[in-house]
Amino acid sequence: MICVALGRGRHRHMIAEHRHLVEQGAELVELRLDYIDGPVSLKRLLADRPGPVIVTCRRQADGGRWTGSEADRQLLLRQAIVDGVEYIDLEEDIAGSVPRFGKTQRIVSLHDFRRTPENLETLHARMCGLNPDIVKLATMANHPSDNFRMLKLIQASKIPTAGMCMGDIGAPSRVLCGKFGAPFTYATFSLERVLAPGQLSFQQMTEVYHYNQLNAESAVYGVMADPVGHSLSPQLHNAALQQAGINAVYVPFRVPAPDLDGFLANVPEYGIRGLSVTIPHKESVLKHLTKIDGAVKAVGAANTLIFDGAEILGFNTDYRAAMDSLEQAVGMEADGPNKLKGRTALILGAGGAAKAIAAGLKRREANVVVTGRTLARAQQLAERTDCKAIEWHARHNVAADILVNCTPVGMHPNVDESPFDKRELKPSMVVFDTVYNPENTLLVKDARSRSCTIVTGVEMFVRQAALQFQLFTGKETSPELLREVLKRAIGPARY
Ligand code: NAP
């Protein structure tokens, strides 16, 4: 079950949002009385309510907005109980002095906006002694392992525990708590009105994560990155899992670089079967892998991990996706002649994507030239892949048949930038822009207007996700579905 927290200044807005949510299928809402401007009328909020509610009136010290006296606050909470609300939220320090009455279920809560305390179990045990029906714990995650500690606690608890970690590191716990046995999770009405750090919206919970379908058997997949909030992979992979009818969820794990080792050590215990890997872990993850495929070896980076017992298998689907996209653009057939052989490819950028594409092109016997704004990085790549590095300012002097942009130049919001002068584009060129948000970058538009053959970053992104999905689940997914989801996520105007 998903509980949607409502915090509005006016009674009528809170009532209208409650009605709207019930129409959308919400089964429980939390009325945050501390958000109401002026005197609170419980009568107005509770009369004719369309569904069950949790009544909460949070003090400022606990992240709320209540400015009245503590006596008035507790009076409101007691009145809500007398009025027969379905649930009342009582902070642990007052729960002992507010008696149980009628059918109202007691949620005994604790918030820590700074950390997930080391003595989480002790705190939980103390709260279990305060006659709760449900224990609620919301603590700030400073490390990915905080999520795991919270989930373990939920799973072991005899009293239903709505436990979640706050902040973007804590976001996975808000979804995974469903698998580990939480009675409900909290979501917000919309992302514009987040009431606690890291909260997801009701729409994300239902339409992206399908929270209500999660159970103890659900497999877990995810993307491991830092930052991770911008990643569109959860939308693509969850849509593909849904379509395939697989009992699994794919969540964003923000893993800061120093936490990588600790995070991977926790993986098997929490049912994680596969991970997408992106910045900054694609290379640092290699030392943890027990087996790697040829692409990982060639590139020196992995973007996909599969956990199989004690084994961690590493793959690089960027490599194959980029090569498949390019081969299709030049009209290569699987067993036909290698049309990339002998062609000159100029790669802009010298990061992870450039590495994968340089290695692939080199293997297909193209002449690869790499350039980057930091020459030393381009030189390093060139040395590794046995190709040529040139200065950034000399990029227009190369007679390139294939131009690949592996820099973020042109990416949203800097959509008016291009890494290559339009006047230097020739109709005979294949222009591949790996940037996928937007799909029609300025470089792509320029290349189109110069009649070049075009490969977009969307093509590559969809292919790498489809390959990952196959590695994760052993099943194929439809590229059309992924393309459609991506289109919706990016927004038609930018796509
Ligand atoms: P990365 O490892 O951070 O490398 C980025 C490269 O771009 C570096 O060489 C960097 O130079 C250079 N760069 C950054 N800003 C620049 C600027 N303003 N002017 C010139 N060069 C600049 O990143 P990555 O993982 O390779 O990703 C690069 C791009 O590829 C991203 O935009 C991403 O959208 C795209 N990508 C797409 C897919 C897909 O599936 N379509 C997959 C992976 C990546 P310095 O070394 O000087 O910082």
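The values are calculated or read from the model by the stated rules, or taken from the named source; none is laboratory data. Predicted, not measured: the structure shown is a model, and the values here were computed from it. Please note: Cβ atoms are built from the backbone with ideal geometry, for glycine as well, and neighbour counts cover all protein chains shown. The protein model used for the area step is the full one, side chains on, heavy atoms only, and it has no ligands, DNA or RNA in it. Shrake-Rupley method; radii C 1.70, N 1.55, O 1.52, S 1.80 Å.
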**Prompt:** Within segment 372-400, how many residues are open to solvent by 80 Å² or more (accessible area, probe 1.4 Å), of a type in the set (S, T, N, Q) and under 26 Å from Arg423 (Cα atoms)?
**Reply:** 1
**Asked** How many residues does segment 234-271 contain that are within 13 Å of the chain's Cα centre (by Cα) and open to solvent by 20 Å² or more (accessible area, probe 1.4 Å)?
**Response** 3
**Request:** Have a look at Ala321, Ala298, Ala244, Ala248 and point out the one that is within 26 Å of Ile454 (Cα to Cα), away from the ligand (no atom under 13 Å from the Cβ), hydrophobic (A, V, I, L, M, F, W, C) and in contact (Cβ under 8 Å) with a residue 24 or more places away in the chain.
**Result:** Ala298
**Yes/no for Val368 being within 13 Å of the ligand (Cβ to nearest atom), aliphatic (A, V, I, L, M) and modelled with pLDDT of 95 or more** = no
**Asked** Looking at segment 308-352, which of the residues that are of a type in the set (Val, Ile, Thr) and farther than 26 Å from Met224 by Cα is nearest to the chain's Cα centre (by Cα)?
**Response** Ile347
**Prompt:** For segment 86-107, how many residues meet the condition of being within 30 Å of the chain's Cα centre (by Cα) and β-branched (Val, Ile, Thr)?
**Reply:** 1
**Asked** So Pro419 clears everything in (1) in a loop (DSSP other than H, G, I, E, B); (2) at pLDDT 95 or above; (3) open to solvent by 20 Å² or more (accessible area, probe 1.4 Å) except one condition, right? Which one?
**Response** (3)
**Prompt:** Inside segment 388-415, can you point out the residues that are touching a helix residue (DSSP H, G or I) at 6+ places or on another chain (Cβ under 6 Å) and in a loop (DSSP other than H, G, I, E, B)?
**Reply:** Cys406, Gly410
**Message:** Restricting to segment 438-469, name every residue that is within 14 Å of the ligand (Cβ to nearest atom), open to solvent by 30 Å² or more (accessible area, probe 1.4 Å) and within 21 Å of Gly331 (Cβ to Cβ).
**Reply:** Ile454, Glu459, Arg463
**Asked** When both residues are 6+ apart or on different chains and their Cβ atoms are under 7 Å apart, which pairs have a first residue that lies in segment 396-408 and is more than 10 Å from the ligand (Cβ to nearest atom), and a second that is among the hydroxyl-bearing types (Ser, Thr, Tyr) and not in a loop (DSSP other than H, G, I, E, B)?
**Response** Val398/Thr344; Ala399/Thr344; Ala400/Thr344; Asp401/Thr344
**Asked** Taking segment 272-297 only, how many residues are closer than 19 Å to Asn147 by Cβ and more than 24 Å from the chain's Cα centre (by Cα)?
**Response** 0
**Prompt:** Pairs under 6 Å by beta carbon, first residue within 7 Å of the ligand (Cβ to nearest atom) in segment 341-360, partner part of a helix (DSSP H, G or I) and open to solvent by 20 Å² or more (accessible area, probe 1.4 Å), six or more apart or different chains?
**Reply:** Ala350/Arg377
